[in-house]
Each structure stands twice: as C-alpha cells, then as structure tokens.
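The structure appears below as structure tokens.
The values are calculated or read from the model by the stated rules, or taken from the named source; none is laboratory data. Please read all numbers here as calculations on a predicted model, not as lab measurements. Note that we place each Cβ from the backbone using ideal geometry, even for glycine, and neighbour counts take in every protein chain shown.
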Amino acid sequence: MRSPSILIVHSDRKTQRVVQRILGVTGYPIDIADDLEQGIRLVQHLSPILVVLDGAAVGSPHAPAFIAAVAQRGTEACMTLLGAPSAPLPTILGIGAITNLLVHPMPVLAEELTITAQKLIRGDLFGAEKYLLWGAQLHEATVVRASQRAELVGRISEHVRAVGQSARVASMAMLVTDELISNAVHNAPVDGSGEHYRKDLARDIEIELDAKHQVRLRWGFDARYVAIEVTDPWGSLDRDTILASLARNDVRDSGGGAGMGIALAYRSCDHLVFNLAPGKRTEIIALIDVRYPPSERMPASSYNVFVERATGVEP
Amino acid sequence: MNETRGRLTLETRGDVLVLSGAIDETSGLLDLIGRASDGNLVLDLAAVSFINSLGVRDWIRMQAAATKAGISVELRRVSEPVVHQLNMIIATRGTGSVVSFYAPYACDACGREESLLVDAVANHDALTRMDAPPMPCPECGAQMAFNDFPERYFSFLIAGG
C-alpha cells in the first residue's frame, strides 16, 4: 500500500496541472485520473487523504461508484471544483457526500484550494483569519442576550457601508449575520440527550445568555472578502444536517431548526465554511466576495464542512 | 402615521402601505391583510433592507392568507434584497404581482453603480425575454449595463422560474 496521497480527477489537462502545482506544496504525492473510471481503478491501489473532483463529472453514471470507492478507502475528504456556471450544483448537493465545494472560474482558484487543502491536512480549522489577507483586522463582539442580534446586524451593515461597499453587499452581510447569530442562540444549545431545547422559543422573546450560552461574532474585511464568523460553544451542528440544509431548494411554511437559516445564509454569500468540533464548538464563516460585480460572479456558492478529530480532520 | 414593529416601519400613503427596514419575526405581516382596500393590498418595498428566514416564513403566510381571502397583493418598487428572496424561494412569490422593482446597473463610462427602478409592466415583454431595459447613467448620461445575470435576477417574473 502506498503512503497517503492526493488524487485529482479532472478531464482538462490545464486544470490538472494547475491543481497539481497548487496542491504539490502540501508535500503529498499527487495522482491524476482523466475520468471517473480511471479514478475508480486508481483508487484501489491508493490511500488518498483528499480527492479533488471535477464538478462536471459528478453527474456521470460512474460518480456513485467512485464516491463509494473513495469512502471505502477511508479518504479524508472529497472536494469538488466547479468552474462552469451550468455545472450541476443540485446534483452535487444532492449526493450528500461532497463535503467541500469550491466554485470559481477555472483554472484559477489557488487561494481557496490551498486553504481548504491545508486545513484538511493540518487539522487546523478555526478562524476567519485564514481567509483574509495578512494585516486584515477582525472585529469582535460577544452576544450576551438574544435581542442583541438586531443591534449587531445594524452595526455590521454600517461598518460594511463605511468601508465603501455597496448597499447590496451590506444587505447580504446583514442577512448572513442575522441568520448565523439566530442559529447559534436558538438552535445550537442542546441538553444531555441532544435535544435542542431553545429551537422552538419565539425569536422575539428576550433571553439573557449566561457564559455557557454566549455567542462570539467576528467580522473583517480585505480587498477580496467581507468575512463574518459566528461561533457557539455547543458543537451540536453535524455534517449531515449541514449538507441536507445546503441542498434545500425551498422552505416550508412551518417548523424551526437550523435548516432554513443555513440555506438562506448559503445562498446569500459566496462561500460558507463550517468548522465543527463536535460537542465543543461550531464556527461558521460566511465570505462575501467583493472583487467582482454581480454580473461577473459565479451563480453558485462554495462551501466547506470541516470536522475536527483528535488527530486531524474528517470529511 | 408611522407604525414600528421591531425593525420594520409601516407608513400608509393613500392606498399604499410603505414598508421600511427589516422583515423578521417581529413584523407581523399576516395582519397586513386587514389593510387591503377594495380587495387590493398595495405594498411599497423600496426601503426593505433584508428579510430573514423568519420574515420569509411570515411573508409566505401573508401571501397565502391573501390568496385565501381573495385579496390581490401588488408589490411596488421592490428592493434588491426582496428580489433576491423572491428568486431564491419560489414560495415567497405567492400570487402577487410585481409592478416595479429595483435592479443593479453599472456604467462602463464612469464606473458608477446604481440600483435603478424598472417598470415591470411597461417592460414586460423585454423582461420575459430576459432583456434588461436600457437605462441612462444618472451621473454621465451614458447607457448603463445591467449588472447581474438576467436569467438569475429576472427569474422571479417567470411563473415557476
């Protein structure tokens, strides 16, 4: 059996080379397959810690067999790259096993790909700093009562506008902040039996948050992103719930839970990152890309779901 | 007279109910049905800055109640954040009609970006073809370009789109 490696499955030679160069800095051997059938054959002889898959291949009839083969080999994570606007996002989300999706005009996605790979390999998950340029400052507030959400949402909106961003970006930041704080205050707390005991509380009822229930909000900006990070001390959000939420196309008229808020937050930012330490904390980072006008943005958003393990990260 | 509900302000101007701020769990939209006049509820949404998930739920209930009561909901000057919700969540569209809405435009000549009001009735044919109506730049007068993907931004105007 070979030592751990990274497997790239992509039909485009140029993309293969670019991704190989980017991931080569991790020090892991890089294996390349031109298509899923070749990938299935290769993976039988490999122990990939990371598989990077062309998003356009996910709709292939060979995709389920490939994903099953990868899972059987104990691969750390399956990361999909989407370069074309018409790529099959609903298919990718519907699979429920793609834990990382990077959407970017190909073949340039060095920063996002590097950050994702390094987080997976090093097991160093937490902090929005990883997504901002050196020197960018993160501002911080602690949510100590539920009603503070409105005040903080307003504060972030003012701050985003004050640094010269558009009303549209401010609106996206407001929605994301509102949903993530609401999720952390009302959906995250669980009792000993795993019951989310605040999820059905009316959101307009004031709740004083003791130290155990307080939520940390951080936000910052650089020339690329508005970053909003919300952390709760529960670690109750799990991978399957997240992937199911991201796949939601519509909302129901009743019921609570984290699903609808996360679905809206995902569709209101360009990149949503979940850093999960089960039973300890959940950190969600929303990135709003301010580099491009709406007409040049990708019509889909990236996501990552990282789960902390004792010795690294699991998919 | 203005009425404040959490982060939302309501103001009646003739037959039009003007909503400003955020639509959320405190907005109580359901009882807006009672403000309908002659079977019509006309909402001006130009100053709605965002709708959170609980506001979306409230909005859907309001639309459903209006349909059940035979009240037609007319949406005027729909802000960009509301357009995004209408595009993301099909259920928010209800059976209401959109008379006008704001859309993002950018000027190649001077770089100005602006949210401009589009008449959905006068431009109906062009919009259903996903053609953004031409708009002059308020700063330099050059023709501005629509600053989003038409197929994405105008999908709320197409039934089931």
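Every residue, every condition in (1) in contact (Cβ under 8 Å) with a residue 60 or more places away in the chain; (2) in a strand (DSSP E or B); (3) surrounded by fewer than 22 Cβ atoms within 10 Å (Cβ to Cβ), yes or no:
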position: A:Thr142; (1), (2), (3): yes, yes, yes
position: A:Ala150; (1), (2), (3): no, no, yes
position: A:His159; (1), (2), (3): yes, no, yes
position: A:Met172; (1), (2), (3): yes, no, no
position: A:Glu179; (1), (2), (3): yes, no, no
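Select from the range B:85-113 the residues that are closer than 22 Å to A:Glu296 by Cα and of a type in the set (S, T, N, Q) and write down the one among them that is surrounded by the most Cβ atoms within 10 Å (Cβ to Cβ). Write out each step before concluding.
Initial filter on the range B:85-113 (closer than 22 Å to A:Glu296 by Cα): B:85-88, B:101-113.
The next check asks that each one be of a type in the set (S, T, N, Q); those that pass are B:85, B:87.
Details: B:Gln85: 26, B:Asn87: 18.
Checking each candidate, the answer is B:Gln85.
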- Query: If you go through the range B:55-76 one residue at a time, do you hit one that is assigned by TED's automatic domain parsing to the domain that holds B:Leu8, over 14 Å from B:Thr95 (Cβ atoms) and either at pLDDT 95 or above or in contact with a Pro (Cβ under 7 Å, 6 or more places away or on another chain) (or both)?
  - Reply: yes
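Take the residues in the range B:22-65 that are of a type in the set (Gly, Ala, Ser) and touching a Lys or Arg at 6+ places or on another chain (Cβ under 6 Å); name whichever of them is farthest from the other protein chains (Cβ to nearest Cβ).
Of the residues in the range B:22-65, the ones of a type in the set (Gly, Ala, Ser) are B:22, B:27-28, B:34, B:36-37, B:39, B:46-47, B:49, B:53, B:55, B:64-65.
In the following step, the residues that additionally are touching a Lys or Arg at 6+ places or on another chain (Cβ under 6 Å) were identified as B:22, B:27-28, B:46.
Values: B:Ala22: 7, B:Ser27: 10, B:Gly28: 10, B:Ala46: 12 Å.
So, considering only residues that are of a type in the set (Gly, Ala, Ser) and touching a Lys or Arg at 6+ places or on another chain (Cβ under 6 Å), the one farthest from the other protein chains (Cβ to nearest Cβ) is B:Ala46.
Find the strands (runs of 3 or more DSSP E) located wholly in the range A:235-315 whose residues include 1 or more that are modelled with pLDDT of 95 or more, crowded, with 19+ Cβ neighbours inside 10 Å and out of contact with any strand residue (DSSP E or B) (no Cβ under 7 Å at 6 or more places or on another chain), and list them.
Working: elements: A:271-277, A:281-289, A:302-309, A:312-314.
It comes to none.
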- Tell me, yes or no, whether the range A:188-195 has at least one residue that is polar (S, T, N, Q) and in a helix (DSSP H, G or I). no
- Message: Considering only the range B:39-50, I want to know if a residue exists there that is β-branched (Val, Ile, Thr), modelled with pLDDT of 95 or more and surrounded by 15 or more Cβ atoms within 10 Å (Cβ to Cβ).
- Response: yes
- Of all residues in the range B:108-146 being within 12 Å of another protein chain (Cβ to nearest Cβ) and in a loop (DSSP other than H, G, I, E, B), the one that is modelled with the highest pLDDT: B:Ala132
- Can you confirm whether the range A:77-85 contains a residue that is at negative phi, out of contact with any strand residue (DSSP E or B) (no Cβ under 9 Å at 6 or more places or on another chain) and free of Cβ contacts under 8 Å to residues at least 12 places away in the same chain? no
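Quick check on my filter: what residues within the range B:66-84 are away from chain A (no Cβ under 11 Å) and either within 23 Å of B:Ala47 (Cβ to Cβ) or buried (at least 16 other Cβ atoms within 10 Å of the Cβ) (or both)? Before you say what the answer is, go through the steps one by one.
Just the residues of the range B:66-84 that are away from chain A (no Cβ under 11 Å), to begin with: B:66-78.
Residues satisfying the conditions are B:Ala66, B:Ile71, B:Ser72, B:Val73, B:Glu74, B:Leu75, B:Arg76, B:Arg77, B:Val78.
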- Query: Mind checking which pairs have a first residue in the range A:263-274 that is within 10 Å of chain B (Cβ to nearest Cβ) and a second that is among the basic types (Lys, Arg), Cβ under 8 Å, 6 or more apart or different chains?
  - Reply: A:Ala263/A:Arg248
- Message: Taking the criterion of being touching a residue at least 40 places away in the same chain (Cβ under 8 Å), in a strand (DSSP E or B) and either of a type in the set (A, V, I, L, M, F, W, C) or under 22 Å from A:Gly164 (Cα atoms) (or both), would at least one residue in the range B:147-160 satisfy it?
- Response: no
- Query: Within the set of pairs 6 or more residues apart or between chains, which connect a residue that is more than 8 Å from every other protein chain (Cβ to nearest Cβ) and of a type in the set (S, T, N, Q) inside the range B:85-105 to a residue that is part of a loop (DSSP other than H, G, I, E, B) and buried (at least 23 other Cβ atoms within 10 Å of the Cβ) with Cβ atoms less than 9 Å apart?
  - Reply: B:Asn87/B:Phe154
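Among the residues of the range A:196-223, which ones are touching a residue at least 60 places away in the same chain (Cβ under 8 Å) and either β-branched (Val, Ile, Thr) or in a helix (DSSP H, G or I) (or both)?
Residues of the range A:196-223 that are touching a residue at least 60 places away in the same chain (Cβ under 8 Å), as a first pass: A:196, A:206-209, A:214-223.
Within the range A:196-223, A:Ile207, A:Val215 qualify.
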- Task: State all residues of the range A:7-49 that are polar (S, T, N, Q) and more than 14 Å from A:Thr75 (Cα to Cα); if no residue qualifies, say none.
- Result: A:Ser11, A:Thr15, A:Gln16, A:Gln20, A:Thr26, A:Gln38
- If a residue has to be out of contact with any Lys or Arg (no Cβ under 9 Å at 6 or more places or on another chain) and more than 14 Å from chain B (Cβ to nearest Cβ) to count, how many in the range A:130-170 make the cut? 9
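On the basis of being more than 24 Å from the chain's Cα centre (by Cα) and among the acidic types (Asp, Glu), does A:Asp191 make the cut?
Values: more than 24 Å from the chain's Cα centre (by Cα): yes; among the acidic types (Asp, Glu): yes.
So A:Asp191 passes the test.
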- Message: Just to be sure before I move on: is A:Leu93 within 14 Å of the chain's Cα centre (by Cα) and either touching a residue at least 60 places away in the same chain (Cβ under 8 Å) or over 16 Å from A:Ala300 (Cα atoms) (or both) in the structure I sent?
- Response: yes
